[in-house]
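Structure, as structure tokens:
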Amino acid sequence: MIDYNSPMYLQIKEIILQKINNGEYEKNRAIPSERQLEKIYGVNRMTIKYAINSLVDDGILYRVQGKGTFISPNVRDKRIDIGNNADKGLTSEITFLGKQPSSKVIRFDVIKRNAQLDLIFKNYPKFSKFYRLSRVRLADKEPICVQIANIPFALYKGAERSNFNNSSLYDFMNKVYKTPVQFEEKMVVKDCPNNIEGYLNISNNALIYFCEYFGYTDENELVEYTQSYYRPDKIKFFFHLYKDNNYKN
């Protein structure tokens with residue numbers, strides 16, 4: 001299904017990947033031509049070309065002059081699953097794909113409660129200061145996302161003594177028995193901010209997945225607000241949607 005709120009070529013790319021993964025498009029067989037795909041999805045030729053070029057760059061497809069575009073024989077979607085299916089966490093998902101996870105701390109500060117945090121933590125006036133941890137997350141030394149985490153200083157005193165280049169933020173949070181166990185998430189596709197591009201090794205005005213995470217303890221206390229900037233060529237999202245029978249449109 002086409003969602004007109006996100007870039008069309010990324011959606012076409014994802015649809016083609018799904019058809020490859022479910023076996024509808026077979027290895028070493030040609031996919032439909034650009035003209036056919038244009039008619040199937042009701043989008044212009046340039047959008048189809050962008051999607052195909054991206055899959056060729058990823059090694060998923062290859063072109064044979066005069067014959068068409070084919071699925072690579074050893075194709076595997078090597079992007080990291082971050083959606084509802086990714087219940088093992090980012091580090092575990094990277095490891096599952098046979099890659100080496102690592103992190104690089106950009107900055108680690110104690111900041112005062114600002115207007116943004118005041119809005120997010122409006123029900124927690126006792127939190128006057130926050131740790132802000134900015135990191136690049138890598139797979140085989142290649143950047144896949146930038147994460148900026150905010151956690152209340154009062155709950156996690158001593159965090160500055162941890163080396164978050166080598167250790168997990170959640171492992172530290174677990175030591176003080178305030179680990180997030182339930183989450184709310186917001187995601188949009190947007191232009192990558194200029195101050196993030198360099199850390200992700202992407203070009204100017206490249207599109208990224210921007211996610212906001214709100215982490216709650218089992219006592220429903222908000223203890224984490226994280227902003228994540230993901231490279232769409234390295235990350236994929238799958239979500240399970242359920243119908244609410246009480247909802248009426």
Residue within the stretch 136-154 that is over 15 Å from PRO101 (Cα atoms), exposed (fewer than 13 other Cβ atoms within 10 Å of the Cβ) and either over 20 Å from the mean Cα position of the chain (by Cα) or not aliphatic (A, V, I, L, M) (or both) present: yes
The stretch 101-123 residues that are within 18 Å of TYR156 (Cβ to Cβ) and in contact (Cβ under 8 Å) with a residue 60 or more places away in the chain, paired with ones that are assigned to a loop (DSSP other than H, G, I, E, B) and not small (Gly, Ala, Ser) (beta carbon under 7 Å, 6 or more apart): SER103/PHE164; SER103/ASN165; VAL105/PHE164; VAL105/ASN165; PHE121/PHE127
Residue match in the stretch 76-97 (condition: surrounded by 18 or more Cβ atoms within 10 Å (Cβ to Cβ) and modelled with pLDDT of 90 or more): no
Selection from the stretch 168-205 of residues that are open to solvent by 60 Å² or more (accessible area, probe 1.4 Å) and in a loop (DSSP other than H, G, I, E, B): TYR177, VAL181, ASN201, SER203, ASN204, ASN205
Filter pass, ILE12 being crowded, with 17+ Cβ neighbours inside 10 Å, among the aliphatic types (A, V, I, L, M) and at pLDDT 90 or above: no
Residue list for the stretch 46-72, restricted to those being open to solvent by 50 Å² or more (accessible area, probe 1.4 Å) and closer than 26 Å to ARG231 by Cβ: MET46, LYS49, TYR50, ASN53, ASP57, ASP58, TYR62, ARG63
Qualifying positions in the stretch 118-135 - open to solvent by less than 10 Å² (accessible area, probe 1.4 Å) and assigned to a loop (DSSP other than H, G, I, E, B): PHE121, PHE127
Odd one out for LYS157 among (1) under 19 Å from ILE106 (Cβ atoms); (2) of a type outside the set (A, V, I, L, M); (3) at pLDDT 90 or above; (4) open to solvent by 90 Å² or more (accessible area, probe 1.4 Å): (1)
Test: residue in the stretch 180-198 that is at pLDDT below 90 and polar (S, T, N, Q): yes
Boolean, ASN165 is in a loop (DSSP other than H, G, I, E, B), under 18 Å from LYS104 (Cβ atoms), open to solvent by 60 Å² or more (accessible area, probe 1.4 Å) and not hydroxyl-bearing (Ser, Thr, Tyr): yes
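The values are calculated or read from the model by the stated rules, or taken from the named source; none is laboratory data. Remember, it's a predicted structure, so these values are computed and weren't measured experimentally. Cβ sites come from the backbone with ideal geometry, for glycine too, and all protein chains shown count toward neighbours. Ligands, DNA and RNA are excluded from the accessible area calculation, which covers all protein heavy atoms including side chains. Shrake-Rupley method; radii C 1.70, N 1.55, O 1.52, S 1.80 Å.
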